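Values in this text are rule-based calculations from the coordinates and carry no lab data. Treat the numbers as computed from the prediction; the structure is a model and nothing was measured. We place every Cβ from the backbone using ideal geometry, glycine too, and count neighbours over all the protein chains shown.
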Amino acid sequence: MNTAAAVADFRRYPLVQALTAATPLADRVQVTWADGRVSPFHHQWLRDNCPCPQCVYSVTREQVLEIVDVPEDVGPCEISIDDAGHLCVVWQGGHQSLFDPGWLRAHAYDDHSRAERLANKPRRQLWQHDLKLPVFEYQALMVDTDALLQWLLALRDIGLTQVRGVPTEPGSLKQIAQRISFIRESNFGVLFNVQSKADADSNAYTAFNLPLHSDLPTRELQPGLQFLHCLVNDADGGESIFVDGFAIAEALRQEDCEAFDALCQIPVEFRNKDRHSDYRCLAPIIALDALGQVTEIRMANFLRGPFDTSVEQMPRFYRAYRRFIALTREPRFRLVQRLEPGQLWCFDNRRTLHARNAFDPNSGARHFQGCYVDRDELLSRILVLQR
């Protein structure tokens, strides 16, 4: 059951449990479900979420009503469950609201329902050196939406994937990146060429080894996804190295909680400067979400300024910083693999730290192309495909 009149959304809400009773209370309506669960809904919450065309524009499915335009003591004069199983509320003043039971169950905020939603959220899979790398084929991703969805889910939950069979003509990367969404442009361009060059404006464009890092930590919002596509790789060396930054953070939380707290609390200024630009961002190395889960790692030793914290905190922070980098160097966390022509890495740049061994530019050509797509675009594309 999913009637457009009762759901102000583009998603579908299957009927999990039918409504069996609706009981009016002083400031809320208490509904009972077929499985015995009881869910209270405050009057203001129900009125605020009325999906009728007066309250929600049916074309965009976006809310028109602002709750401040409804009396604070709003209450119903009639409550019922209709023959189709909807919760029907007639409000004082005559306004009517019709709530789909699938939608209502999905948004119930009793303790049991909220805990159930939290338990059903996607779970990230932490990994170490022995990760069974998720590998996908280019042709399948370009034509098969089921294969595309599986790739995007792996990016969301694991944060590191490889795609094989990609054409090696320059610019080919753009087509597969746009299977997710539009590409995020930076001062390095829409597509950037990773090659050793004399006038480099980043250490990435040299033959040096690059330590583990996230790209563009100097930006308020680091890019979400990073693509690195191998066109030519005849040079000796240059192997790719990856660690799961979330796994590093969780290991630090378990093994050295004082160091973990310091990296969550004390900000670092990251800087990216060349002749024509100067980007700076002050933020902690480990960011947490509202539930205390690690949501972002911001790290690039070669793009940071001098630490700036109190005299008392400076030794504490240096100890934590050294501990974090030492963990990234432990073999248990490091996945090392050489990328060959026609292969590409796609990974969560705000989670998966990447590095490159030094290579010998005199031993052969090496040409990669890269680009960025924001994490929001990945998550949006997943939800649309899952509809």
Exercise. When the chain is fully extended, how far beyond the present Cα-Cα distance does residue 232 get from residue 117, taking 0.36 nm per residue of separation?
Worked result: 36.8 nm
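Below 8 Å, C-alpha to C-alpha, sequence gap of six or more: please give me the relative contact order for the stretch 4-119 in percent.
Details: 184 pairs, mean separation 31.9, N = 116.
It rounds to 27 percent for the stretch 4-119.
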Exercise. To the nearest 10 degrees, how steeply does helix 245-255 sit against the main Cα axis of the chain, on a 0 to 90 scale?
Worked result: 80 degrees
Exercise. In the stretch 93-135, which trypsin sites (Lys or Arg not before Pro) are in a loop and have at most 13 other Cβ atoms within 10 Å, using DSSP for the loop call?
Worked result: 123, 132
Exercise. Which of the peptides 317-327, 27-37, 228-238 is most tightly packed, and how do the rest follow, judged by the mean count of other Cβ atoms within 10 Å per residue?
Worked result: 228-238, 317-327, 27-37
Problem set entry | Tally of Lys pairs whose C-alpha atoms are under 29 Å apart, taken over the chain, 8 or more apart or cross-chain | 5
Problem set entry | Which of 148, 25 has the fewest Cβ neighbours within 10 Å, and the rest in rising order | 25, 148
Problem set entry | Inter-site label distance for residue 10 and residue 239 at 7 Å from Cα along Cβ, in nm | 4.4 nm
Problem set entry | Nearest-ten-degree value, helix 314-328 long axis tilted from longest Cα axis of the chain | 80 degrees
Seminar exercise, completed: Any GluC sites (Glu not before Pro) in the stretch 70-117 that lie in a DSSP loop and have at most 15 other Cβ atoms within 10 Å would be 72
Exercise. So how much slack lies between residue 257 and residue 106, counting 0.36 nm per residue of separation and subtracting their Cα-Cα distance, in nm?
Worked result: 50.8 nm
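Please identify every one of the GluC sites (Glu not before Pro) in the stretch 219-303 that sits in a loop by DSSP and has no more than 15 other beta carbons within 10 Å of its own beta carbon.
Values: sites: 220, 239, 250, 255, 258, 269, 296; in loops: 220, 239.
Answer in residue order: 220, 239.
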Problem set entry | the chain, helix-only ellipticity at 222 nm - DSSP H runs n ≥ 4, -39,500 (n - 2.57), divided by all residues, nearest 500 | -7000 deg cm²/dmol
Seminar exercise, completed: Cα-based Debye curve of the stretch 4-119 sampled at q = 0.12, 0.15, 0.17 Å⁻¹ gives log₁₀ I(q)/I(0) of -0.40, -0.64, -0.84
Problem set entry | In nm, spacing of pseudo-spin labels at residue 181 and residue 278 (7 Å Cα→C-beta vector) | 3.2 nm
For this session: Match the structure shown to one of the listed values (i) 24.1; (ii) 22.4; (iii) 21.4 of Kirkwood radius over Cα pairs in Å, computed from it, and give that label.
Result: (i)
Seminar exercise, completed: Rounded to the nearest 0.05, FRET efficiency between residue 38 and residue 318 (Cβ-Cβ, R0 41 Å) equals 0.15
Exercise. Can you give the angle from 0 to 90° between the axis of helix 145-157 and the longest principal axis of the chain, with both taken from C-alpha atoms, to the nearest 10?
Worked result: 80 degrees
